[in-house]
Each structure stands twice: as C-alpha cells, then as structure tokens.
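Below you'll find the structure, written out as structure tokens, and then a few comments.
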Amino acid sequence: MVPPSPIILSYLAEHKKATRNDITKVVYKVSSELDGTNVRINAVFRGHMENPDLGIESETVDSELWYWISNRFIGECDYPKKDDVCLEISKPDYFEEYKLENIRKNMKAIKWGTEDNRLDFLRILSKIIKEIPSSVH
C-alpha cells in the first residue's frame, strides 16, 4: 500500500500549481492504472469512476492535502471557480526530490516487496503525470 502523498507531491513538483480536482483525478488514475500489479494506493474514491472529468472525490486525498497545507509545504492560490481550490507549492526546495527525474532515488523508504513493484509504481506515476495537465497556469 502506497499513500497518496508521493503522487500529490510529484504532481505538484512537476506542475507547481494544480486544483484539488486535478490532484484527486491524478491519484485516482494512478490507482486505476496499478490494477493488475501488486501495488495499491491507500485511498478511497467516490463519484464518476468511469469518467473522472465529471467529478470524483476522495476524503483520503483531501486528508493528505490538508496535512501538506497545515505544515505549509503547499498553500492556496487564486482560482476563479468557486467549486474548486487552487494549490501551489510553498517550499520549492522540498519538492525537488519529488520531480520525476529525482523520484526514483526518493521512493526507497516504502516497503515495496520487490523492486518490480517499485518500478511499476514509478512507471505508471510518470506516465499519468505527463498525461494529465494542471488546470492552473
């Protein structure tokens, strides 16, 4: 089981800003793509599972986001839509190790079971982060 934080932090490291919905969608997509592997994301989702663009929620992701916000690693930014929240990194130096080019070195603390499990996660994470752009520019 992998917590959502590495996905959240890696996505923000690459995009600098993102909405709560963007982040939830990315965590869900990584979780879905990991089906068929031995790796699971420790998160529960509800909403439009067949089409996350219509809306998907996760209290687990929200809880992880709150942790990073309350510890001031990320903060809120202006966003015109009232039904979403914009988040941006507050401590850029901390996020360097979560950039896709560096994360392979950082993901050693999680108990993966096998190196193949870790590589499956990193491959899918990289693919999804490149696939799903941030709504905030």
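A few remarks follow.
- Only one item in [x] 32.8; [y] 7.9; [z] 9.2 matches mean projected area of the Cα convex hull in nm² derived from the coordinates shown, and that item is [y].
- Simple rule: put +1 on each Lys or Arg Cβ and -1 on each Asp or Glu Cβ in the range 4-131, find the dipole, and look at 80, 106, 56; the Cα lying farthest toward the positive end is 106.
- Linear extension gain, residue 130 paired with residue 111, 0.36 nm per residue minus alpha-carbon span: 4.3 nm
- Other-chain or far-sequence residues with amide H under 5 Å of residue 85's (modelled H): 20, 21
- The residue 82 and residue 44 beta-carbon pair, evaluated with R₀ = 30 Å, returns a calculated FRET efficiency of approximately 0.75.
- Once the 1.4 Å probe is applied to the protein heavy atoms, the range 4-131 comes out at 56 Å² accessible per residue.
- Here the chain exposes an accessible surface that is 48 percent carbon and sulfur, computed with a 1.4 Å probe and the other protein chains kept in place.
- Placing +1 on the Cβ of every Lys and Arg and -1 on the Cβ of every Asp and Glu, with no other charges, gives the chain a dipole of roughly 320 debye about its Cα centre.
- Share antiparallel - DSSP beta bridges, the chain, percent rounded to 5: 90
The values are calculated or read from the model by the stated rules, or taken from the named source; none is laboratory data. Owing to the predicted nature of the structure, the values given are computational and were not obtained by experimental measurement. All Cβ positions, glycine included, derive from the backbone under ideal geometry; neighbour counts span all protein chains shown. We work out accessible area using only protein heavy atoms, side chains counted, and drop any ligands, DNA or RNA first. Shrake-Rupley method; radii C 1.70, N 1.55, O 1.52, S 1.80 Å.
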